[in-house]
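Read the structure below first, then the notes.
The values are calculated or read from the model by the stated rules, or taken from the named source; none is laboratory data. Since the structure is predicted, the reported quantities are computational estimates derived from the model, not experimental observations. Virtual Cβ from ideal backbone geometry, glycine too; neighbours counted across all protein chains shown. In case anyone asks, the SASA skips ligands and DNA or RNA and just uses the protein heavy atoms, side chains included. Shrake-Rupley method; radii C 1.70, N 1.55, O 1.52, S 1.80 Å.
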Amino acid sequence: MVVDREQQDALLELLNTTPVVGGVVQDQLADPEAARPWQRVHGGSGTPDEHRHLLQARDALQSVVRATRPAASLAPLLKDVTSHPHLSPTGVSWEIDAPQERRMAVEAVLAWSALQETMPGRLRPCANPECRRFLLDRSKANKARWCSMAVCGNRMKARRHYQRTRDDGTAE
């Protein structure tokens with residue numbers, strides 16, 4: 001399965017719905033009413049069942065990307081999901097058959113899988129240990145470390161600088 005930029009961005013947005021704000025983890029999708037617009041913007045219906053499955057997929061995917069759970073832990077999210085070939089003049093495409101309330105969750109897992117295949121190692125957690133966000137490194141060098149250079153990158157560089165100057169000052 002080829003995943004387009006929009007699907008990549010939707011997966012990244014889903015993974016990043018539990019940021020740390022003021023030292024406290026926030027769950028931007030915890031409240032079903034507040035999550036409904038997010039679901040609809042990303043092609044969902046906004047139903048409570050869809051919300052429940054989406055949170056399960058998000059939590060499982062976060063753990064897999066952080067390497068705290070194996071990829072096999074995603075299997076229950078794909079239970080009873082099938083795909084069917086669709087032939088056209090441009091070739092074969094696959095149509096996913098999943099219950100409507102599970103479609104967003106299934107699409108998130110499939111987007112993760114496609115990224116693993118086409119861009120291995122580029123979807124990863126931010127290198128800032130105090131951050132819960134993820135990044136998708138699209139750079140040629142594949143050396144991005146932070147979810148945001150403006151936030152985490154600068155913060156981590158400032159810490160290292162402070163540590164070096166503090167260590168240099170005590171060594172005299």
Q | Residue list for the range 36-84, filter: exposed (fewer than 14 other Cβ atoms within 10 Å of the Cβ) and part of a loop (DSSP other than H, G, I, E, B) | A | G43, R66, A67, T68, P70, K79, D80
Q. Looking at T18, is it farther than 20 Å from T118 by Cα, in contact (Cβ under 8 Å) with a residue 24 or more places away in the chain and of a type outside the set (F, W, Y)?
A. yes
Q.
For the range 86-96, check the following and say yes or no: at least one residue is of a type outside the set (S, T, N, Q) and in contact (Cβ under 8 Å) with a residue 40 or more places away in the chain.
A. yes
Q) Looking at (1) touching a residue at least 60 places away in the same chain (Cβ under 8 Å); (2) part of a loop (DSSP other than H, G, I, E, B), which is the one condition that is false for Q8? A) (2)
**Q.** Matching residues, the range 17-53, being closer than 18 Å to L123 by Cβ and touching a Leu at 6+ places or on another chain (Cβ under 9 Å)
**A.** T17, T18, H42
Q. Is the range 11-34 home to any residue that is in contact with a helix residue (DSSP H, G or I) (Cβ under 8 Å, 6 or more places away or on another chain), farther than 20 Å from R133 by Cβ and among the charged types (D, E, K, R)?
A. no
**Q.** Members of the range 137-163 found to be modelled with pLDDT of 70 or more and open to solvent by 100 Å² or more (accessible area, probe 1.4 Å), listed by number
**A.** K140, K143, R145
Q) Can you find even one residue in the range 113-129 that is modelled with pLDDT under 90 and either farther than 16 Å from N16 by Cα or open to solvent by 50 Å² or more (accessible area, probe 1.4 Å) (or both)? A) yes
Q) For the range 93-108, does any single residue satisfy the condition of being modelled with pLDDT of 95 or more, in contact with a strand residue (DSSP E or B) (Cβ under 7 Å, 6 or more places away or on another chain), surrounded by 15 or more Cβ atoms within 10 Å (Cβ to Cβ) and not basic (K, R)? A) yes
Q) Here is a list of conditions, (1) part of a loop (DSSP other than H, G, I, E, B); (2) surrounded by fewer than 15 Cβ atoms within 10 Å (Cβ to Cβ); (3) free of Cβ contacts under 8 Å to residues at least 60 places away in the same chain, and E33 meets all of them except one; can you say which number that is? A) (1)
Q: Among the candidates E130, E107, single out the residue that is within 16 Å of the chain's Cα centre (by Cα) and closer than 22 Å to V64 by Cα.
A: E107
